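Right, one structure below, let's go through it.
The values are calculated or read from the model by the stated rules, or taken from the named source; none is laboratory data. These numbers were taken from a predicted model, which means no experiment stands behind them. Cβ placement follows ideal geometry from the backbone for every residue including glycine, while neighbour counts extend to all protein chains displayed.
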């Protein structure tokens, strides 16, 4: 059986997100991750509901697990989960909580919520795929700029850079919410460790697509997707 | 004679050669001993540097792709420091790993509290009932337990130490009786390296001594079959770690329980492991005093 998937989920996303949040006032752009997720699932990731268990699939790991409305909506738009699941977010019988659980939601690669766990898991996933010769599969992991406060990220940044883990792309959605900021810029934390980096307008889908596919051999890649300040 | 750490290194090196599913994650500790294995299997021998949070995160990621990770360091760095990674990057993801520690409660006696982990097994108890905890009491128990561990995808903790019993009992997953007392004799359960001092301490006392290297899951059917009124636990980690399990297993049986093990207090003393065993009352003399007092007390 083949499933026809939308390659442009933009028409459906506002309605799907409203089913989750009940919020009529705010546009989808109120959700910081929606544009990155839309470009990833519409245009970049080689994964569908039919290949969700294929060892060769691309992996997307949502490290910043809080505020997952846009993630659930994109998963529904692409057929990983039924739309009806969106109507009962965090209800007693719901599979969708305020943080996603990989054992409850098809297509979700990791359970997340506590900050600073996704990048280490992504490094391990990339290493595991490499050790098994699955070289087509790429690993994307999405973090927030405030999430980088957690020291565990810096263990992963240094190691992935030092070992040239080039099947890994980290995306940091930067809405300037880190309490003490990142003097000198977020990208510099990665590039000093050997990563390549693109810092782009996180609402610009063409710029996002170019950056999300802009990795180079021999280096892990970073995309800093800058959006309007949370404050 | 080979020690437990060497047995672990030799067995893991062989497993890396034999089984392409096996992967080893290190945080500098023991890295030099795995250098030749790393040359042969550069994609499956991964030293992340002194980064224990990442070590467990990487183990979780490897397991998510279908590999069987072994992660290794001192217990205090592997378990205490990376506790939330064990909880979330392994347990919550629904994947397992083989965690192999050295150092135990006070092998690092001269190093001080920073290198000691008497609370590691209690931490696994806080994670639910999924973990198998192996506490070998002899180096010859290490290879079979490790080989058994890598054939599954289960979460397994292997706690190595420098103390050893006189003999190995690789099959003692369940309670194994090594000395049988008379009818209704008290039961003394010795875990891992506590067997040697326990046998010495109970010489000439009418007790049944049973041994296991696997405190989790505890052999509660065996415990119920062997226990009479008086039960003594002798554990090489925090005293009382298994008390709740014993109480639950014997909930419908009138019994008294003495739980011996490492004390809660940071002694702030150095010396050697034998000194710490004595200070915690876990040498033969100390155990004999505690057990005799318990058995001789009212209500026995």
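Taken together, the residues in segment B:33-49 that are over 22 Å from residue A:164 (Cα atoms) and within 14 Å of chain A (Cβ to nearest Cβ) amount to 0.
Rundown of residues vs (1) in contact with a strand residue (DSSP E or B) (Cβ under 6 Å, 6 or more places away or on another chain); (2) part of a helix (DSSP H, G or I); (3) without any contact (Cβ under 8 Å) to a residue 24 or more places away in the chain; (4) not assigned by TED's automatic domain parsing to the domain that holds residue B:13, yes/no style:
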| residue | (1), (2), (3), (4) |
| --- | --- |
| B:76 | no, yes, no, no |
| B:90 | no, yes, no, no |
| B:99 | yes, no, no, no |
| B:108 | no, no, no, no |
| B:114 | no, yes, no, no |
| B:118 | yes, no, no, no |
| B:121 | yes, yes, no, no |
| B:128 | no, no, no, no |
| B:136 | no, no, no, no |
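Only a single criterion out of (1) in contact with a strand residue (DSSP E or B) (Cβ under 9 Å, 6 or more places away or on another chain); (2) within 14 Å of chain A (Cβ to nearest Cβ) is not satisfied by residue B:94, namely (1). Among the conditions (1) more than 13 Å from every other protein chain (Cβ to nearest Cβ); (2) surrounded by fewer than 21 Cβ atoms within 10 Å (Cβ to Cβ); (3) in a helix (DSSP H, G or I), residue B:30 misses just one, which is (3).
Is it the case that segment B:208-218 has a residue that's farther than 17 Å from residue B:254 by Cβ, assigned to a helix (DSSP H, G or I), in contact with a helix residue (DSSP H, G or I) (Cβ under 7 Å, 6 or more places away or on another chain) and modelled with pLDDT of 95 or more? No, the conditions are met nowhere in segment B:208-218.
Scanning segment B:262-279 for residues that are buried (at least 18 other Cβ atoms within 10 Å of the Cβ) and without any contact (Cβ under 8 Å) to a residue 40 or more places away in the chain yields a single hit, B:279. The criterion of at least 1 residues that are within 19 Å of the chain's Cα centre (by Cα), modelled with pLDDT of 95 or more and within 12 Å of chain B (Cβ to nearest Cβ) is met, among helices (runs of 4 or more DSSP H) falling completely within segment A:122-231, by A:151-162.
Of all residues in segment B:253-298, those that are farther than 12 Å from residue B:232 by Cβ, touching a strand residue (DSSP E or B) at 6+ places or on another chain (Cβ under 6 Å) and outside any strand (DSSP E or B) total 1.
Taking the conditions exactly as written (in contact (Cβ under 8 Å) with a residue 24 or more places away in the chain and out of contact with any strand residue (DSSP E or B) (no Cβ under 8 Å at 6 or more places or on another chain)), does residue A:89 satisfy them or not? Criteria met by residue A:89.
Consider residue B:174 carefully, then state whether it is surrounded by fewer than 22 Cβ atoms within 10 Å (Cβ to Cβ), closer than 21 Å to residue B:125 by Cα and touching a strand residue (DSSP E or B) at 6+ places or on another chain (Cβ under 7 Å).
Answer is yes for this residue.
When segment B:80-90 is filtered for residues that are surrounded by fewer than 24 Cβ atoms within 10 Å (Cβ to Cβ) and more than 10 Å from chain A (Cβ to nearest Cβ), the ones remaining, listed by number, are B:80, B:81, B:83.
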